[in-house]
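Step one of this worksheet: look at the structure below.
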């Protein structure tokens, strides 16, 4: 049972022109949707693509100031599952170090997250309590951050740190406090 992966990096890149500016990403008649799109730094085309998924979607309404949406990845499983990943990148102007993180969602089966070396509490008013773990996860060759799944119904979401996936290799993690803030800011897409 394989998965078909569709990286929407080109779509996101084309739609991202000017998205780093402080102005509105796009004009739409739903001010709540536009607030969420602007907060998550997702262009309207990306929001519309997420809304077509056969699942509830959550996006971060807190994204650190120097970060932008680098790409969206979608995976469709043979048995009807949908996974999405919003990958953000940022650069430190002084050191030119690249940092990244992702917010991931799924409507497919989820498993428990092995406890890491250190656990940090996440208290989401919308999705409940969880943790962000520090440990070796996925493809990471160094200790990284990974959130335990939070959610309800047909959607589950988590924070993903640098190096967990190949598409997030070669960058540094955000701070633990930033990871917690991002996780606690997850908000359902209307």
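Among the strands (runs of 3 or more DSSP E) contained in the range 64-150, which hold 3 or more residues that are within 25 Å of residue 54 (Cβ to Cβ)? Break it down stepwise before answering.
Values: elements: 67-77, 82-91, 98-106, 118-124, 128-135, 144-147.
In the range 64-150, the matching strands (runs of 3 or more DSSP E) lie at 67-77, 82-91, 98-106.
Report, by residue number, each residue of the range 151-190 that is in a strand (DSSP E or B) and either under 27 Å from residue 35 (Cβ atoms) or touching a helix residue (DSSP H, G or I) at 6+ places or on another chain (Cβ under 9 Å) (or both). Give the steps one after another, and end with the answer.
Within the range 151-190, the subset in a strand (DSSP E or B) is 151-152, 155-160, 172, 186-188.
If the condition is that a residue be in a strand (DSSP E or B) and either under 27 Å from residue 35 (Cβ atoms) or touching a helix residue (DSSP H, G or I) at 6+ places or on another chain (Cβ under 9 Å) (or both), then 151, 152, 155, 156, 157, 158, 159, 160, 186, 187, 188 are the ones that fit.
May I ask you to list the residues in the range 42-56 that are assigned to a loop (DSSP other than H, G, I, E, B) and either crowded, with 22+ Cβ neighbours inside 10 Å or in contact with a helix residue (DSSP H, G or I) (Cβ under 9 Å, 6 or more places away or on another chain) (or both)?
Scanning the range 42-56 gives 42, 43.
With in contact (Cβ under 8 Å) with a residue 12 or more places away in the chain and under 14 Å from the mean Cα position of the chain (by Cα) as the only criterion, which of 184, 133 stands out?
184
Going by what's in this entry, would residue 138 be described as within 21 Å of residue 69 (Cβ to Cβ), in contact with a strand residue (DSSP E or B) (Cβ under 6 Å, 6 or more places away or on another chain) and surrounded by 13 or more Cβ atoms within 10 Å (Cβ to Cβ)? Step through it out loud before you land on a result.
Details: within 21 Å of residue 69 (Cβ to Cβ): yes; in contact with a strand residue (DSSP E or B) (Cβ under 6 Å, 6 or more places away or on another chain): no; surrounded by 13 or more Cβ atoms within 10 Å (Cβ to Cβ): yes.
So residue 138 does not fit the description; no.
Does residue 87 satisfy the criteria of being touching a residue at least 12 places away in the same chain (Cβ under 8 Å), buried (at least 16 other Cβ atoms within 10 Å of the Cβ) and under 18 Å from the mean Cα position of the chain (by Cα)?
Here the answer is yes, as residue 87 does meet what is asked.
Which ones in the range 48-66 are without any contact (Cβ under 8 Å) to a residue 60 or more places away in the chain and under 12 Å from the mean Cα position of the chain (by Cα)?
From the range 48-66, those without any contact (Cβ under 8 Å) to a residue 60 or more places away in the chain are 48-49, 52-54, 65-66; that's our starting set.
Across the range 48-66, there are no qualifying residues.
Please list, ordered by first then second residue, the pairs with beta carbon atoms under 6 Å, 6 or more apart or interchain, first in the range 152-169 and closer than 18 Å to residue 130 by Cα, second part of a helix (DSSP H, G or I) and modelled with pLDDT of 90 or more.
Between residues of the range 152-169 that are closer than 18 Å to residue 130 by Cα and residues that are part of a helix (DSSP H, G or I) and modelled with pLDDT of 90 or more, the close pairs are 159/179; 159/182; 159/183.
Looking only at the range 101-134, how many residues end up being surrounded by fewer than 17 Cβ atoms within 10 Å (Cβ to Cβ) and either out of contact with any strand residue (DSSP E or B) (no Cβ under 7 Å at 6 or more places or on another chain) or over 23 Å from residue 80 (Cα atoms) (or both)?
Number satisfying all stated conditions: 14.
The values are calculated or read from the model by the stated rules, or taken from the named source; none is laboratory data. Everything quoted here is computed from the prediction, not taken from an experiment. Cβ atoms come from the backbone with ideal geometry, glycine included; neighbour counts cover every protein chain shown.
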